[in-house]
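**Student:** Questions regarding the structure given below will be posed in turn.
The values are calculated or read from the model by the stated rules, or taken from the named source; none is laboratory data. Note that this is a predicted model, so its numbers are computed, not measured. Virtual Cβ from ideal backbone geometry, glycine too; neighbours counted across all protein chains shown. Just the protein is used for accessible areas: all its heavy atoms, side chains included, with ligands, DNA and RNA removed. Shrake-Rupley method; radii C 1.70, N 1.55, O 1.52, S 1.80 Å.
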Amino acid sequence: MKWIAVDYGDARTGLAGCDAGELVTAPITPQIEEKSMNRAAQAVAAVVCREKAGGVVLGLPKNMDGSEGTRAARTRRFAQRLADACGLPVALWDERRTTVTAAAILAGNDTFGQKRKQRLDSVSAAVLLDAFLAWRRAHPGQTPPEVVDPQPDPENA
């Protein structure tokens, strides 16, 4: 199944996707440059539809000790808006150290400055997606530990 991974941020949101066989991941560029949570969710949902993805995974920012702060609470609100916007469940996935790993990948490819800024969140999303897909391979048929389902539209209920 094709998946879209999302690295949600206050100003930029990075995306990555995989093939239907869940073997190859790649950043999706350009990143979404949007500060409004609702507009960012709509923009991500448009990519999910365009890519014909069957699943969405969203990075959940946790502190290094595993606790959650205000950033995680904001991401959880975004997860619900995204699930509602794309009509698909959104799997929440621990994103600790994905940005550090992505920065190392970009540095290893001599990508610095403005080019790094333009790609960092999407490469972080690809790192997140790789970890999520590895979990799926190790746990076939299992539902991810935490999923946000779309809420029914009250106007169509």
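**Student:** Only Lys, Arg, Asp and Glu count, each charged at its Cβ (+1, +1, -1, -1), so figure out the dipole size of region 1-101 about its Cα centre, rounded to 20 debye.
**Tutor:** For this selection, approximately 240 debye.
**Student:** Under a Cβ-Cβ cut-off of 15 Å, what is the net charge of the residues other than residue 19 that fall near it, where Lys and Arg count +1 and Asp and Glu count -1?
**Tutor:** +1
**Student:** Still on this structure, please answer the following. Could you please state how large a percent of the accessible area of region 1-69 is carbon and sulfur, counting protein chains only and using a 1.4 Å probe?
**Tutor:** It is 54 percent, rounded to a whole number.
**Student:** Could you compute the FRET efficiency for residue 137 and residue 62, with r as their C-beta to C-beta distance and R0 at 25 Å, rounded to 0.05?
**Tutor:** 0.65
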